[in-house]
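Worksheet: the structure to be examined is printed underneath.
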Amino acid sequence: MKAVVYEQYGDPADVRDVPDPHPAPHGVTVRVEATGLCRSDWHGWQGHDPDIALPHVPGHELAGVIESVGARVTNWHPGDRVTAPFVCACGTCEACAAGDQQVCARQTQPGFTHWGTFAQYVALDHADVNLVAIPDGMSFAAAASLGCRFATAFRAVVQRGRVAAGEWVAVHGCGGVGLSAVMIAAASGARVVAVDISPQALDLARKFGAAECVDGASTPDTAAAIRELAGGGAHVSLDALGSPATCAASVNGLRRRGRHIQVGLLPSLSGTTPVPMARAIGLELELLGSHGMAAHTYPPMLELVRSGVLRPDLLTTSTITLDEAPAALAAMGTAPGAGVTVIEPWR
Ligand SMILES: [Zn+2]
Ligand SMILES: [Zn+2]
């Protein structure tokens, strides 16, 4: 099969022929029809993820068709249209038993713990725990977003943020996960303030339901701007980018008893990120992490997609081939992109 491979962190990746993957007894292989390009792929390529072993194939949000099935898989068959959360859970650890597969103690992640989806085929573990059927009528490009950015945003806004109608929700960083969060929060009846340094990203945020936009390039104190717009601060605020600055701005833009949700990854050399804890104490803030979404909690989200309330299909702004993927991966670090790029490995 063809796959995007890198040999060293930060060195250009190339497209080459590699052996097809085989399914584990509990797993499947999937013919990848569409796979999104996510900032965590760029972090992995930069060497920010200790799970990655070289050489490596990136990519973790996919949609496709089951190609082959391991002997112990009971619920899935070749030909089924599927996606899967990027956190593939074991199904048997304490977290999994509690229904929290998104923080499974023995999780695997395509594109991190093993070769990923920037390829024509990918192996996924524990298929009976992790696969999600793609609803009829949903495109592979839209379904790919359910593997990471859209489901991650849904869990952050709905399950972790508990966003209610009428609340102010701030979204820092309007890339794929941020724009998804804007759409989901607006559909929940929240008033959304979107923050980004890219005018194109803010245009998309407005299109997807943001009531207010703050241009971080021309606004030195985005937290102050949010407190002003939202009458004292946001009820819920997401750092959807992942940087010390956006994390702090998200916390500082909250009102009393507000909820900060950390969604964007925060790799740093020290492994820690400064957080304004004095404000967290004085205002009784909740500081919450959010990490993917368990497959068994997908049905309410899928129903909102089926009924047209949520439109992940609108988030895709460009579709590229596997040969174009290495350059697109590299560009994520330099150009503040707008919208979502989807790779179609068989095109
Ligand atoms: Zn991702
Ligand atoms: Zn587990």
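Does His296 satisfy the condition of being surrounded by 23 or more Cβ atoms within 10 Å (Cβ to Cβ) and either out of contact with any helix residue (DSSP H, G or I) (no Cβ under 6 Å at 6 or more places or on another chain) or in a strand (DSSP E or B) (or both)? Walk me through it before giving the result.
Values: surrounded by 23 or more Cβ atoms within 10 Å (Cβ to Cβ): no; either out of contact with any helix residue (DSSP H, G or I) (no Cβ under 6 Å at 6 or more places or on another chain) or in a strand (DSSP E or B) (or both): yes.
No: the conditions fail for His296.
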For region 72-88, state whether one or more residues are away from ligand 2 (no atom under 12 Å from the Cβ), of a type in the set (D, E, K, R), more than 17 Å from Ala295 (Cβ to Cβ) and surrounded by fewer than 16 Cβ atoms within 10 Å (Cβ to Cβ). yes
Among Ser290, Ser237, Ser268, the single one that is in contact (Cβ under 8 Å) with a residue 12 or more places away in the chain and surrounded by fewer than 17 Cβ atoms within 10 Å (Cβ to Cβ) is Ser268
Quick test for you: out of Arg16, Arg39, Arg31, pick the one residue that is modelled with pLDDT under 95, basic (Lys, Arg) and away from ligand 2 (no atom under 16 Å from the Cβ). Arg39
Checking Ala142 against (1) closer than 24 Å to Glu324 by Cα; (2) at pLDDT 95 or above, which single condition isn't satisfied? (2)
Quick check on my filter: what residues within region 250-274 are at pLDDT below 95 and either outside the structural domain of Thr219 (by TED's automatic domain parsing) or in contact with a helix residue (DSSP H, G or I) (Cβ under 8 Å, 6 or more places away or on another chain) (or both)? Gly264, Leu265, Leu266, Pro267, Ser268, Thr273, Pro274
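Take the residues of region 44-71 that are of a type in the set (A, V, I, L, M, F, W, C) and surrounded by 18 or more Cβ atoms within 10 Å (Cβ to Cβ): which is nearest to the chain's Cα centre (by Cα)?
Narrowing region 44-71 to residues of a type in the set (A, V, I, L, M, F, W, C): 45, 52-54, 57, 62-63, 65-66, 69, 71.
Retained after the next criterion (residues that are surrounded by 18 or more Cβ atoms within 10 Å (Cβ to Cβ)): 45, 52, 57, 62-63, 66, 69.
Numbers: Trp45: 16, Ile52: 18, Val57: 18, Leu62: 11, Ala63: 14, Ile66: 22, Val69: 26 Å.
Among those that are of a type in the set (A, V, I, L, M, F, W, C) and surrounded by 18 or more Cβ atoms within 10 Å (Cβ to Cβ), it is Leu62.
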Mind checking which pairs have a first residue in region 21-46 that is under 21 Å from Thr317 (Cα atoms) and in the same structural domain as Leu315 (by TED's automatic domain parsing) and a second that is basic (Lys, Arg) and away from ligand 2 (no atom under 16 Å from the Cβ), Cβ under 8 Å, 6 or more apart or different chains? Gly36/Arg149; Cys38/Arg149
Breaking point among (1) farther than 23 Å from Gln159 by Cβ; (2) of a type in the set (A, V, I, L, M); (3) within 16 Å of ligand 1 (Cβ to nearest atom), for Leu54: (3)
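Residues being within 6 Å of ligand 2 (Cβ to nearest atom) and not aliphatic (A, V, I, L, M): count how many of those fall in region 93-112. Outline the logic, then answer.
At the first step, the residues of region 93-112 found to be within 6 Å of ligand 2 (Cβ to nearest atom) are 93, 95-96, 104-106.
Applying the additional criterion that residues be not aliphatic (A, V, I, L, M) yields 93, 96, 104, 106.
So the answer is 4.
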Considering only strands (runs of 3 or more DSSP E) fully contained in region 100-199, which possess at least 2 residues that are more than 16 Å from ligand 1 (Cβ to nearest atom) and aliphatic (A, V, I, L, M)? 168-172, 191-196
Sort through Ala95, Ala63, Ala34 and tell me the only one that's away from ligand 1 (no atom under 16 Å from the Cβ) and either assigned to a loop (DSSP other than H, G, I, E, B) or closer than 23 Å to Met301 by Cα (or both). Ala95
Looking at (1) in contact with a Gly (Cβ under 9 Å, 6 or more places away or on another chain); (2) not in a loop (DSSP other than H, G, I, E, B), can you tell me which one Pro25 breaks? (2)
Pairs, first under 18 Å from Ala151 (Cα atoms) and in contact (Cβ under 8 Å) with a residue 12 or more places away in the chain in region 90-102, second of a type in the set (D, E, K, R) and more than 8 Å from ligand 2 (Cβ to nearest atom), C-beta under 8 Å, six or more apart: Gln102/Arg155
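Scan region 35-80 residue by residue and report those that are among the acidic types (Asp, Glu) and farther than 21 Å from Asp136 by Cα. So that I can check it myself, show each step before the final result.
We begin by selecting, within region 35-80, every residue among the acidic types (Asp, Glu); these are 41, 49, 51, 61, 67, 80.
Hits for region 35-80 are Asp41, Asp49, Asp51.
The values are calculated or read from the model by the stated rules, or taken from the named source; none is laboratory data. These figures come from a predicted structure and were not determined experimentally. Here the Cβ is made from the backbone with ideal geometry for all residues, glycine too, and neighbour counts use every protein chain on show.
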